[in-house]
Structure formats: C-alpha cells, structure tokens
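The values are calculated or read from the model by the stated rules, or taken from the named source; none is laboratory data. If you're wondering where the values come from, they're calculated on a predicted model, not measured in any experiment. Positions of Cβ are backbone-derived with ideal geometry, glycine not excepted, and every protein chain shown enters the neighbour counts.
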Amino acid sequence: MLALWLTLSVLELAPVEPRKGGPSPGETVPDFKAQTVDRHSFSLADAVASHKVVVFVFFSVSCPYSNLFADHVGALSGQYRDRGVLFVGVNSNQGETPEEAAAYAREHALRFPCLKDKGARVAEILGAEVTPEAFLVDSKGRLRYRGQVRSRKGKPYLEEALREVLADRPVRTPSAPAFGCPIDPDRGPADGQE
C-alpha cells in the first residue's frame, strides 16, 4: 500500500478547472434516469424519495486514484447503509465497458448500484470532471457537497458532510476540489462495443 501511495504521489494530478456545469451546493439536482451495470433502471427522483441521502461517486476502472479510494467508499457505504444512505457508483468513461465497470464493482465489493453513464450525461448533469469525485444529495434533492472523497492527508471531507446532513446541520465544507484522473466523455465504446 505504501508503494502505491508513493507512486501516486509522484504522478501528475489532473488539473481541476473551475466548474463548467452542474449545480452548486444548495441547488436542486435535476432528475435523471440511467441504467445500472447489471441492467436495472435507476432514477434520481426514486432514490431521493426513498433515502435520507444519496451519494454519487464517479469511478474509473483504469484510474489509480479511483482504485486507491474504492475500498474506502465501499466501507463508507456499509457503515451508513442502515442510516438511510444510498451510495451510487457512476462510470462515465466512454472507453470503459459496462462489463468492465461491473467487474470493478465486484472486485472492490461495491454493494450498491453502479451506473454506466452512456454519453457521460450524468457527469454533465452533476458537473463531474475527475475520478474519484463525490456528490452528496439530500432528501429534498439538493446538492449539499461536491468534491474529494477524502484528502491525500486523510481529511474525510465526504464523511464529514454526510454526518452533518444526517444530523440536519449545515455542511461546513460544501465543496473541496477533487483530484484524480479526468473523465473521458468523448471516446467511443471500447473494442467497438456499446
């Protein structure tokens, strides 16, 4: 693990420009529908109606930063599942297939819905730019946090926001610029697959 961390610390991080789209914390997230990697329907409106919090985490099967945080995200999901929190993985890279995204979810024991974001539509709606990047939506459909899962020094930005929303308190840090691998919304399907 130390070797992986040292390797990641010397890699150049993806530059994060100011957000070009997506809601700001406090704004309502537009409803959308998508399909999970195991071909089930997903609706933001349904998820928000049946949960206190919905957390979207964008991932990539080939990004070392996404891989580094995957187990932590899986553990957070398990820790908060019984408190009305739904985690949702989102794979928006067009060069990664639904089968690869499903295998990634199994490998990292992500026991929550994972969406294959065809055309990077969900990434565009939320304004996601890198993997991993998290978006926390409350039961009224408002974005309450966007950004890092946790900092490179271990500051748990996402978990702090989650605790504050569940306690019905304002989120002290509603955004923290995410670092990681850029989402590739333009590349066609890998190996000619849809």
Identify, by number, the condition in (1) surrounded by fewer than 21 Cβ atoms within 10 Å (Cβ to Cβ); (2) within 23 Å of G78 (Cβ to Cβ); (3) within 15 Å of the chain's Cα centre (by Cα); (4) of a type outside the set (D, E, K, R) that G127 doesn't meet.
-> (2)
Test E96 against the criterion of being in contact with a Lys or Arg (Cβ under 9 Å, 6 or more places away or on another chain) and modelled with pLDDT under 95, and give yes or no.
-> yes
When residues of the stretch 172-194 are limited to those that are surrounded by 13 or more Cβ atoms within 10 Å (Cβ to Cβ) and at pLDDT below 75, the one farthest from V137 (Cα to Cα) | A190
Kindly indicate the residue of the stretch 55-70 that is of a type in the set (F, W, Y) and farther than 14 Å from R152 by Cα and also surrounded by the fewest Cβ atoms within 10 Å (Cβ to Cβ) among those meeting that condition.
-> F56
Since F135 meets every condition but one in (1) among the aromatic types (F, W, Y); (2) surrounded by 24 or more Cβ atoms within 10 Å (Cβ to Cβ); (3) more than 22 Å from G22 (Cα to Cα), which condition does it not meet?
-> (3)
Restricting the search to the stretch 145-171, which residues are farther than 21 Å from P64 by Cα, buried (at least 21 other Cβ atoms within 10 Å of the Cβ) and not aromatic (F, W, Y)?
-> A161, L162, V165
Give me a count of the residues in the stretch 150-182 that are under 14 Å from G26 (Cα atoms), of a type in the set (S, T, Y) and within 15 Å of the chain's Cα centre (by Cα).
-> 1
Grab the strands (runs of 3 or more DSSP E) fully contained in the stretch 93-194, keeping just those with 1 or more residues being in contact (Cβ under 8 Å) with a residue 24 or more places away in the chain and acidic (D, E).
-> 133-138
Total residues in the stretch 51-101, condition of a type in the set (F, W, Y) and within 21 Å of G141 (Cα to Cα) = 4
